[in-house]
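A.B. asks: Below: one structure in structure tokens.
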């Protein structure tokens, strides 16, 4: 299967299936000298993990990272970094009844048409389990960006079904299982998800992700646009059906006088563009969001066909997220960080001698 790698100077290749013996990735192009230990991956992997609350899949994986190469005496060597995580909590028998059926809304049918064979256990390669390794690779990118450039990447759940935050507090995001920025609304989300789970249905969600401290100049014009690569990276995440940069689709209803981000010596007056102009970072906060569709694996019966083309009703058993967006925030952070690190390395390679260019407009107004 092709197209398992992304990035140019920093490339990430993932491998493995949901119910295979292990999943893994190779991160190539990380500069040497970055301190890196296996226990540094635990925090973000646990943020993404299933089984942490009743609102996600009950599958429980240790997600312990083994560093197989690319690190010597605690520092990266500049050679490919190979990471491995062993799967320990597969229940492949849950999928035996639907091995010859195509779940509506899932990748079963499209994989079958492309390859003539598929792994039905948990969706195989199309399972969100694959994103575990993106998060692991993102740990490296986040650390490098923070230490070398002071860049921070973080995100939050900005919509669950029809519910949106009424307030915003960064301290609340990591204090609840939803990555929700309004602590007062968490009981409402709990009740909503309890009712949804009992009904057997699922729901979609939206995740916002931002990067602060990105220097102006990162990104490339035309075919290497920073916003284009961010959009592609976020769209590559399982179940994502839409991506916005800055104001995104809301721009369709705006006038030019509303949308343009006026500039003064004190800084930009707004950030409708999401921190990117002409595919190149302006020095403002990078802002992106992605929409995830409702989970396709449902225990409610639905019409489909089997591999012989015969009509059947499919019921998916096993352990599934009623809303995949609840665990998607760390994945979005990882993909944004990986794109930014790749672009930073590319900028250094071509334009590292340019230095600071005057005038340097602050990325945002103080306060």
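A.B. asks: Being farther than 23 Å from residue 138 by Cα, touching a helix residue (DSSP H, G or I) at 6+ places or on another chain (Cβ under 6 Å) and in a loop (DSSP other than H, G, I, E, B) is the filter here; which residues of the stretch 167-202 pass it?
C.D. replies: Filtering the stretch 167-202 down to residues farther than 23 Å from residue 138 by Cα leaves 167-169, 182-202.
Filter once more, so that each one left must be touching a helix residue (DSSP H, G or I) at 6+ places or on another chain (Cβ under 6 Å): 183.
Correct list: empty.
A.B. asks: Let me ask something else about it. Taking the stated definitions as given, is residue 144 in contact with a strand residue (DSSP E or B) (Cβ under 8 Å, 6 or more places away or on another chain) and either in a loop (DSSP other than H, G, I, E, B) or in contact (Cβ under 8 Å) with a residue 12 or more places away in the chain (or both)? Break it down stepwise before answering.
C.D. replies: Values: in contact with a strand residue (DSSP E or B) (Cβ under 8 Å, 6 or more places away or on another chain): no; either in a loop (DSSP other than H, G, I, E, B) or in contact (Cβ under 8 Å) with a residue 12 or more places away in the chain (or both): yes.
No: the conditions fail for residue 144.
A.B. asks: Tell me, please, whether a residue that is exposed (fewer than 14 other Cβ atoms within 10 Å of the Cβ), closer than 20 Å to residue 303 by Cβ and modelled with pLDDT of 85 or more can be found in the stretch 114-135.
C.D. replies: Initial filter on the stretch 114-135 (exposed (fewer than 14 other Cβ atoms within 10 Å of the Cβ)): 114-117.
From what is left, the residues that are closer than 20 Å to residue 303 by Cβ are none.
No, the stretch 114-135 contains no residue that is exposed (fewer than 14 other Cβ atoms within 10 Å of the Cβ), closer than 20 Å to residue 303 by Cβ and modelled with pLDDT of 85 or more.
A.B. asks: Out of (1) touching a strand residue (DSSP E or B) at 6+ places or on another chain (Cβ under 9 Å); (2) outside any loop (DSSP other than H, G, I, E, B); (3) crowded, with 19+ Cβ neighbours inside 10 Å, what's the single condition that is false for residue 214?
C.D. replies: (2)
A.B. asks: Here's something else I'd like to know. Residue under question is residue 153, and the condition is that it be crowded, with 17+ Cβ neighbours inside 10 Å, under 26 Å from residue 177 (Cα atoms), in contact with a strand residue (DSSP E or B) (Cβ under 6 Å, 6 or more places away or on another chain) and modelled with pLDDT of 95 or more; does it hold? Write out each step before concluding.
C.D. replies: On the way: crowded, with 17+ Cβ neighbours inside 10 Å: yes; under 26 Å from residue 177 (Cα atoms): yes; in contact with a strand residue (DSSP E or B) (Cβ under 6 Å, 6 or more places away or on another chain): yes; modelled with pLDDT of 95 or more: yes.
So residue 153 passes the test.
A.B. asks: May I pose another question? Do you know which residues across the stretch 1-47 are in a helix (DSSP H, G or I) and buried (at least 18 other Cβ atoms within 10 Å of the Cβ)? If you could, list the steps in order and put the result at the bottom.
C.D. replies: First, pick out the residues of the stretch 1-47 that are in a helix (DSSP H, G or I): 38-47.
Answer for the stretch 1-47, where residues must be in a helix (DSSP H, G or I) and buried (at least 18 other Cβ atoms within 10 Å of the Cβ): 41, 44, 45.
A.B. asks: Ok, one more. Kindly list, by first and then second residue, each pair from a residue in the stretch 68-91 that is at positive phi and exposed (fewer than 14 other Cβ atoms within 10 Å of the Cβ) to a residue that is at pLDDT 95 or above and in a strand (DSSP E or B), limited to pairs with Cβ atoms under 8 Å and residues at least 6 apart or on different chains.
C.D. replies: 74/35
A.B. asks: Also, I was wondering about something else. Would the stretch 91-108 turn up any residue that is in a loop (DSSP other than H, G, I, E, B) and modelled with pLDDT of 90 or more?
C.D. replies: Of all residues in the stretch 91-108, those in a loop (DSSP other than H, G, I, E, B) come to 91, 99-100, 102-107.
Still in the list and also modelled with pLDDT of 90 or more: none.
There is no residue in the stretch 91-108 that is in a loop (DSSP other than H, G, I, E, B) and modelled with pLDDT of 90 or more.
A.B. asks: Then there is this: Starting from residues that are modelled with pLDDT of 90 or more and either out of contact with any helix residue (DSSP H, G or I) (no Cβ under 9 Å at 6 or more places or on another chain) or not in a helix (DSSP H, G or I) (or both), keep the ones in the stretch 313-344 and report whichever is nearest to residue 206 (Cα to Cα). Full working, then the answer.
C.D. replies: Start the filter on the stretch 313-344 by keeping residues that are modelled with pLDDT of 90 or more, which leaves 323-344.
From what's left, either out of contact with any helix residue (DSSP H, G or I) (no Cβ under 9 Å at 6 or more places or on another chain) or not in a helix (DSSP H, G or I) (or both): 323, 325, 328.
On the way: 323: 10, 325: 7, 328: 9 Å.
Among them, the one singled out is 325.
A.B. asks: When the residues of the stretch 225-241 are filtered to those that are under 15 Å from residue 134 (Cβ atoms) and touching a strand residue (DSSP E or B) at 6+ places or on another chain (Cβ under 6 Å), which remaining residue is surrounded by the fewest Cβ atoms within 10 Å (Cβ to Cβ)? Give the derivation first.
C.D. replies: Residues of the stretch 225-241 under 15 Å from residue 134 (Cβ atoms): 229-230, 232-240.
Subsequent filtering for residues that are touching a strand residue (DSSP E or B) at 6+ places or on another chain (Cβ under 6 Å) retains 230, 234-235, 239-240.
Details: 230: 27, 234: 25, 235: 13, 239: 23, 240: 21.
Among those that are under 15 Å from residue 134 (Cβ atoms) and touching a strand residue (DSSP E or B) at 6+ places or on another chain (Cβ under 6 Å), it is 235.
A.B. asks: Output yes when any residue across the stretch 49-62 is buried (at least 16 other Cβ atoms within 10 Å of the Cβ) and modelled with pLDDT of 85 or more, and no when none is. Step through it out loud before you land on a result.
C.D. replies: Of all residues in the stretch 49-62, those buried (at least 16 other Cβ atoms within 10 Å of the Cβ) come to 49-50, 55-57, 59, 61.
Subset that is modelled with pLDDT of 85 or more: none.
Within the stretch 49-62, none of the residues are buried (at least 16 other Cβ atoms within 10 Å of the Cβ) and modelled with pLDDT of 85 or more.
A.B. asks: Looking at 242, 219, 283, can you tell me which residue is touching a residue at least 24 places away in the same chain (Cβ under 8 Å), under 25 Å from residue 6 (Cα atoms), assigned to a loop (DSSP other than H, G, I, E, B) and within 20 Å of the chain's Cα centre (by Cα)?
C.D. replies: From the options 242, 219, 283, the qualifying one is 219.
The values are calculated or read from the model by the stated rules, or taken from the named source; none is laboratory data. All of these numbers come straight from a predicted model, not from anything done at the bench. When we count neighbours, we look across all protein chains shown, and the Cβ atoms used for this are built from the backbone with ideal geometry, even at glycine.
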